[in-house]
1. Using θ = phi - 60° and the Karplus form 6.51 cos²θ - 1.76 cosθ + 1.60, what ³J(HN,Hα) does each residue of region 182-194 get, whole Hz, x for Gly and Pro?
2. Largest first, what is the accessible-area ranking of 7, 64, 150 with a 1.4 Å probe?
3. Tabulate in residue order the Karplus-calculated ³J(HN,Hα) for region 139-145, using 6.51 cos²θ - 1.76 cosθ + 1.60 with θ = phi - 60°, rounded to whole Hz; enter x for Gly and Pro.
4. Can you give the % of DSSP beta bridges in the chain that are antiparallel, to the nearest 5?
5. Check residue 31: other-chain or 5+ apart residues with amide H under 5 Å from its amide H, H built from backbone geometry?
6. Shape verdict for region 145-252, please, from the Cα gyration tensor: rounded (a/c under 1.5), prolate (a/b greater than b/c) or oblate.
7. So, counting K/R as plus one and D/E as minus one, what does the shell of residues with Cβ under 13 Å around residue 237 add up to?
8. Looking at region 165-210, which GluC sites (Glu not before Pro) are in a loop (DSSP not H, G, I, E or B) and have at most 15 other Cβ atoms within 10 Å?
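The values are calculated or read from the model by the stated rules, or taken from the named source; none is laboratory data. All values derive from a computational prediction rather than experimental measurement. So basically every Cβ, Gly included, is an ideal-geometry build from the backbone, and we count neighbours across all protein chains shown. Only protein heavy atoms, including side chains, enter the accessible area calculation; ligands, DNA and RNA are left aside. Shrake-Rupley method; radii C 1.70, N 1.55, O 1.52, S 1.80 Å.
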Amino acid sequence: MTIAGSDSGGGAGIQADLKTFHARGVHGLSAITAITSQNTRGVTAVHPVPLTHIRSQIAAVFDDFPIAAVKTGMLGSAAIVRLVAREMAARKPTWLVVDPVMIATSGARLLDEGAIAVLVDELIPLADVLTPNLPEAEALLGYPIRNAKDCARAGHELRELGAKAVLLKGGHGSGREVVDRFFDARGVLELRHPRLKLEAHGTGCTLASAVASELARGQAPRHAVRRAVAYVQRALAHGYQPGGAPLRVLSH
């Protein structure tokens, strides 16, 4: 199940999540938190879904389906983060993957400033896997992350917020390689792959959804993360440019 915002351009959000679920062999369910007006050029409007309807969507799917994993994406406001955290605490899904979506690729803000504290205090402590990119990790921790030493510190401090494991994504870093770092009770697992010279949309949504899919299929977290990262690399390498901007969408 994904709890996230809708992307009218089809490259990220609920749309990317459901494509990923299908490609990874699981049935996708959804609760939409916001309706965005966006395309490959950017986000032009965001309409939050009323809390009562978000709650009713979550109730509808939990009441009918055996949910193996939940992934959260764009939540938008403190009230929505709090609602989702309370629902997850009450319903206790086997696996919870939290993607702390804050800013779109275009630069549009997708999470209110005031919601970060609620995310840290109420939702992240419930997460089995937290999947921030570097700017999101910086926002959560309050300091810049510039090198491998900073990444190591950030990974451990993000786990101290309560998440059982953290996948710190390295796509916003520099150098010829992208280094994704997975922190859990066993230590640190580094996943290295060549940096592709292209601008893409929906990679974070896809990666978190792929992790959730693999967990739902019975994979252990480290194996799930390895398979998810490999899937995103293939999807990115075979991506295509559907709109007017030079922005690639992943091929699922």
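1. Along region 182-194, the couplings run 10, 10, 9, 5, 7, x, 10, 10, 9, 10, 10, 8, x Hz.
2. The ordering from most to least exposed comes out as 64, 150, 7.
3. 5, 6, 9, x, 8, x, 10
4. 55
5. Distant-sequence amide H within range of residue 31: 2, 3, 4.
6. Oblate is the answer for region 145-252, as a/c is 1.5 or above yet b/c matches or exceeds a/b.
7. It works out to a net charge of +4.
8. Sparse-neighbourhood loop GluC sites (Glu not before Pro): 199.
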